[in-house]
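The values are calculated or read from the model by the stated rules, or taken from the named source; none is laboratory data. Bear in mind the structure is a predicted one, so any value in this text is a computation, not a measurement. Positions of Cβ are backbone-derived with ideal geometry, glycine not excepted, and every protein chain shown enters the neighbour counts. Ligands, DNA and RNA are excluded from the accessible area calculation, which covers all protein heavy atoms including side chains. Shrake-Rupley method; radii C 1.70, N 1.55, O 1.52, S 1.80 Å.
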Amino acid sequence: MKRSKTFAGIATVALVGSLALAGCGSDDGDDNNSGSSGSDKNTSDSSSPAAKKGDGKLVVGTLLPQTGDLAYLGPPEFAGVQLAIDEINKAGGVDGQQITQVKADSGDGTPDIAGASTDKLLNQGADVIVGAAASGVSLSVIDKIVNAGKVMFSPANTAAAFDTYDDKGLYFRTSPSDRLQGQVIGNMAVEDGHSNVAVMARQDAYGEGLAEQVKATLEEKGATVSEFILYNADAENFTAEVNKVAAAKPDAIVLVSFNETTKIVPQLISKGVGPKDAQLYFVDGNMADYSDQKFDLTGVKGTFPAPAEVDPGFNKLLDSVADGGKLKDYTYGPQSYDAVMLIALASLAAGDDDGGAIAAKIVEMSKDGEKCTGWEQCSALVKAGTDIDYEGASGPTDMNDTGSPNKATIGIQEYKGNKYSQIDSVSGVLE
């Protein structure tokens, strides 16, 4: 594996207006409050503690994909949550009380089942809800969750909209905005020597936002975007779109997609612009194990938020708690583990499992104090009254005052056959 590097020019990432709805997700949410000022969540002070509002028993609800185009993300995310809960409970829980979990399927927004699933979790007493994976799904239920006074903490949302959403100070995430991923992909394509690049993306919040950032970066770096195509992800085929890409004769193609990748790649191959003909780049939405497909993705590169160095030991731990044993993918497993750890540490610091009390401590747990890892080390420091800086399985978890990471690492992946492995990483700071 190559050594992690810091992406030049990413120290301060400018917010691109057209990315307001970018993210790992479909455009199924109604972002009525997008653009309003996000709540400042770094609200802890030295005043006397308020009376406890919770019942003393932390209940974690999981709203993650078990069905739909993003179902492949569900197993590692559920495993990350379970691994953290098991570690905490083995050490005695939070303030001597075991954490309990209630689960629900978020789907991918088509059909919309997230609303009913959220009601189920709230009715089962969830104090916090981990999820959803898709930004569009999260936007469709965020008001319901925060209006109930509960914390919403996503391991996978990447939409820039969450930085300004009026979330009552109750929304958090452990994955960075696609402002970073889009710049990394565009820069990588140019560094790989490509100057005529086609961008093909699903026409929804996730696809449009990420694709626009890729396009802007490519053009900034001097490359020509020969085709910029947004497609209907529910289409039966993508013949017209692929024909346009082929006519442009690109030397590289960025495909911002979900599971429809399995339809698009064979059509690209048939038109002479497949992986053997033009460099193909994937993103977090379609970086998956395609072992069940007949095409060959050898040489295809892609990106998703990931630790700078893959930890085989941590992945084995995820395997040990995953339903059915060894996972095919580990994407967002570390971020899910970190979400639960930050929630539990915040609850411990607050001495309360109430959503508002937890939210007031999460940012504080993520940065500026004594660095620590894992529940045993970090909880001991919290109990001693020490300000901590939780270092996660996904890397630094430092959050800004809106509850989003301001430090992040994007893993660069490459396929050999139809399975990928991490070959490099790029770190950046978002402000």
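Working only within region 108-131, note down all residues that are open to solvent by 20 Å² or more (accessible area, probe 1.4 Å) and polar (S, T, N, Q).
The answer is 110, 123, 124.
Looking at region 48-59, I want the residues that are open to solvent by less than 100 Å² (accessible area, probe 1.4 Å) and have a partner that is β-branched (Val, Ile, Thr) and modelled with pLDDT of 90 or more with Cβ atoms under 7 Å, at least 6 apart or on another chain. Which pairs are those?
58/94; 58/99; 59/100; 59/102
Look at residue 134 and say whether it is under 25 Å from residue 345 (Cα atoms), surrounded by 24 or more Cβ atoms within 10 Å (Cβ to Cβ) and in contact (Cβ under 8 Å) with a residue 12 or more places away in the chain.
no
Looking at (1) open to solvent by 10 Å² or more (accessible area, probe 1.4 Å); (2) out of contact with any strand residue (DSSP E or B) (no Cβ under 6 Å at 6 or more places or on another chain), which one does residue 165 not meet, given that it meets all the others?
Tallying (1) open to solvent by 10 Å² or more (accessible area, probe 1.4 Å); (2) out of contact with any strand residue (DSSP E or B) (no Cβ under 6 Å at 6 or more places or on another chain), residue 165 fails exactly one: (1).
Out of everything in region 386-406 that is surrounded by fewer than 23 Cβ atoms within 10 Å (Cβ to Cβ) and of a type in the set (Val, Ile, Thr), what residue ends up being farthest from residue 348 (Cα to Cα)?
Applying the first criterion (surrounded by fewer than 23 Cβ atoms within 10 Å (Cβ to Cβ)) to region 386-406 yields 386-387, 389, 391-392, 396, 398, 400-402, 406.
Then keep just the ones that are of a type in the set (Val, Ile, Thr); that gives 386, 402.
Details: 386: 12, 402: 21 Å.
Among those residues, the one meeting the criterion is 402.
What is the number of the single condition among (1) of a type in the set (D, E, K, R); (2) touching a helix residue (DSSP H, G or I) at 6+ places or on another chain (Cβ under 7 Å); (3) at pLDDT 95 or above that residue 204 does not meet?
(3)
Find all pairs meeting these conditions: Cβ atoms under 8 angstrom apart; at least six residues apart or on different chains; first residue within region 203-218 and closer than 23 Å to residue 234 by Cα; second residue crowded, with 22+ Cβ neighbours inside 10 Å and hydroxyl-bearing (Ser, Thr, Tyr).
204/26; 205/26; 205/135; 206/26; 206/135; 206/158; 207/257; 210/158
How many residues does region 414-431 hold that are small (Gly, Ala, Ser) and over 18 Å from residue 396 (Cα atoms)?
If we filter region 414-431 for residues that are small (Gly, Ala, Ser), which is where we start, we get 417, 421, 425, 427-428.
Filter once more, keeping what is over 18 Å from residue 396 (Cα atoms): 417, 421.
Summing the residues that are small (Gly, Ala, Ser) and over 18 Å from residue 396 (Cα atoms) in region 414-431 gives 2.
Sort through 362, 358 and tell me the only one that's of a type outside the set (Lys, Arg), touching a Ser or Thr at 6+ places or on another chain (Cβ under 9 Å) and surrounded by 24 or more Cβ atoms within 10 Å (Cβ to Cβ).
On the way: 362 fails: touching a Ser or Thr at 6+ places or on another chain (Cβ under 9 Å).
Only one candidate qualifies: 358.
Would you call residue 81 part of a strand (DSSP E or B), of a type in the set (Val, Ile, Thr) and closer than 27 Å to residue 284 by Cβ?
Details: part of a strand (DSSP E or B): no; of a type in the set (Val, Ile, Thr): yes; closer than 27 Å to residue 284 by Cβ: yes.
It is false that residue 81 is part of a strand (DSSP E or B), of a type in the set (Val, Ile, Thr) and closer than 27 Å to residue 284 by Cβ.
Of the residues 421, 379, which single one is touching a helix residue (DSSP H, G or I) at 6+ places or on another chain (Cβ under 8 Å) and at pLDDT 95 or above? So that I can check it myself, show each step before the final result.
Details: 421 fails: touching a helix residue (DSSP H, G or I) at 6+ places or on another chain (Cβ under 8 Å).
That would be 379, the only listed residue that is touching a helix residue (DSSP H, G or I) at 6+ places or on another chain (Cβ under 8 Å) and at pLDDT 95 or above.
Is it the case, given these coordinates, that residue 383 is farther than 26 Å from residue 177 by Cβ, touching a residue at least 60 places away in the same chain (Cβ under 8 Å) and either aliphatic (A, V, I, L, M) or surrounded by fewer than 20 Cβ atoms within 10 Å (Cβ to Cβ) (or both)? So that I can check it myself, show each step before the final result.
Details: farther than 26 Å from residue 177 by Cβ: yes; touching a residue at least 60 places away in the same chain (Cβ under 8 Å): no; either aliphatic (A, V, I, L, M) or surrounded by fewer than 20 Cβ atoms within 10 Å (Cβ to Cβ) (or both): yes.
The answer is no for residue 383.
Against the conditions (1) of a type in the set (Val, Ile, Thr); (2) at pLDDT 95 or above; (3) surrounded by fewer than 19 Cβ atoms within 10 Å (Cβ to Cβ), where does residue 43 fall short? Just the number, please.
Residue 43 satisfies all of (1) of a type in the set (Val, Ile, Thr); (2) at pLDDT 95 or above; (3) surrounded by fewer than 19 Cβ atoms within 10 Å (Cβ to Cβ) except (2).
Among the residues of region 156-194, write down those that are acidic (Asp, Glu) and touching a residue at least 12 places away in the same chain (Cβ under 8 Å).
Here is the first cut: in region 156-194, the residues acidic (Asp, Glu) are 163, 166-167, 178, 191-192.
Those that are acidic (Asp, Glu) and touching a residue at least 12 places away in the same chain (Cβ under 8 Å): 163, 166, 167, 178, 192.
What do you reckon, is residue 274 touching a residue at least 24 places away in the same chain (Cβ under 8 Å), over 25 Å from residue 153 (Cβ atoms) and out of contact with any Gly (no Cβ under 8 Å at 6 or more places or on another chain)? Outline the logic, then answer.
On the way: touching a residue at least 24 places away in the same chain (Cβ under 8 Å): no; over 25 Å from residue 153 (Cβ atoms): yes; out of contact with any Gly (no Cβ under 8 Å at 6 or more places or on another chain): yes.
So residue 274 fails the test.
Quick check on region 191-220: of everything there that is under 24 Å from residue 160 (Cα atoms) and polar (S, T, N, Q), which residue is nearest to the chain's Cα centre (by Cα)? Break it down into steps so the answer makes sense when it comes.
Applying the first criterion (under 24 Å from residue 160 (Cα atoms)) to region 191-220 yields 198-220.
Restricting the remaining residues to those that are polar (S, T, N, Q) gives 203, 213, 217.
Details: 203: 19, 213: 17, 217: 21 Å.
This residue is 213.
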